[in-house]
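Encoded as structure tokens, the structure appears first; notes follow it.
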Amino acid sequence: MRSDDRRVVRTRKAIREAFLNLLRSEDYDRVTITAVAREADIDRKTFYLHYDSVDDVLDEFIRERAEQMVASLREESLAQGGGVDVADLFARLSVALVQDYSITENMVRHVSPEKLLSKVEGPLTEAIVECDALGLASAMGPYLSFGVSFLCGGLLSAYRHWLAIDSDMPLENLAALTSAAILAGVEGFLQGASVEAK
């Protein structure tokens with residue numbers, strides 16, 4: 001069983017590396033399952049044992065990066081003062097998002113920013129909700145995922161706009177602006193959390 005697990009991990013890693021290699025020279029929409037399988041030195045049947053589509057490979061990569069970013073940022077934020085500083089968490093997240101896309105420059109070059117950011121929103125929201133990175137679970141109860149989705153949507157929308165207009169605004173200024181807006185939103189959620197929906 002253990003060797004099967006290793007083989008699965010090794011095969012999935014080969015598929016992901018092949019996918020990222022293809023993005024160095026191809027637009028995302030032109031990357032096919034056949035090309036990924038050939039690059040990974042597997043057949044299409046093996047690809048389908050692990051993924052349903054090329055989209056699934058990208059989704060998994062983005063989900064893992066979102067989870068890693070949120071976990072790392074939450075740990076840093078907690079280490080600095082024993083509690084989660086929401087403004088600091090989102091300021092760091094803002095910078096990490098753009099830096100992460102600089103690291104995966106091939107994706108930025110060959111996958112539209114709109115597509116990337118839209119794929120980040122769900123996993124980012126889930127990661128923040130799952131680990132209660134904002135410390136809002138007890139205050140917001142069943143409304144937590146809606147509040148976090150709203151905040152993440154606003155953050156990513158601001159970056160989408162920043163990228164779309166090729167803004168001269170420094171990243172640090174945008175991070176400060178978005179984290180201030182998000183902090184105000186969190187405070188609003190906390191004030192309104194006790195009000196039952198009618």
(request) Scan segment 4-30 for residues that are farther than 22 Å from residue 49 by Cβ and among the charged types (D, E, K, R) and report the count. (result) 5
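Residues to consider are 157, 179, 145, 149; find the one that is assigned by TED's automatic domain parsing to the domain that holds residue 65, touching a Gly at 6+ places or on another chain (Cβ under 9 Å), of a type in the set (Ser, Thr, Tyr) and in a helix (DSSP H, G or I).
The conditions single out 149.
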(message) For the condition exposed (fewer than 12 other Cβ atoms within 10 Å of the Cβ), basic (Lys, Arg) and at pLDDT below 80, what is the one hit in 119, 198?
(response) 198
(request) For segment 130-148, indicate whether the set of residues that are farther than 23 Å from residue 66 by Cα and charged (D, E, K, R) is non-empty. (result) no
(request) Return the residue satisfying two criteria in turn: it lies in segment 151-176 and is surrounded by fewer than 14 Cβ atoms within 10 Å (Cβ to Cβ) and among the hydrophobic types (A, V, I, L, M, F, W, C), and of such residues it is modelled with the highest pLDDT. (result) 169
(request) May I ask you to verify whether residue 15 is part of a loop (DSSP other than H, G, I, E, B), more than 17 Å from residue 119 (Cβ to Cβ) and in contact (Cβ under 8 Å) with a residue 12 or more places away in the chain? (result) no
(request) Specify which of the listed residues (89, 93, 23, 73) is farther than 27 Å from residue 181 by Cβ, in contact with a helix residue (DSSP H, G or I) (Cβ under 6 Å, 6 or more places away or on another chain) and at pLDDT below 95. (result) 23
(message) Restricting to segment 18-46, count the residues that are surrounded by 14 or more Cβ atoms within 10 Å (Cβ to Cβ) and either assigned to a helix (DSSP H, G or I) or small (Gly, Ala, Ser) (or both).
(response) 15
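The values are calculated or read from the model by the stated rules, or taken from the named source; none is laboratory data. Predicted, not measured: the structure shown is a model, and the values here were computed from it. Counting neighbours? That spans all protein chains shown, and the Cβs are built from the backbone with ideal geometry, glycine included.
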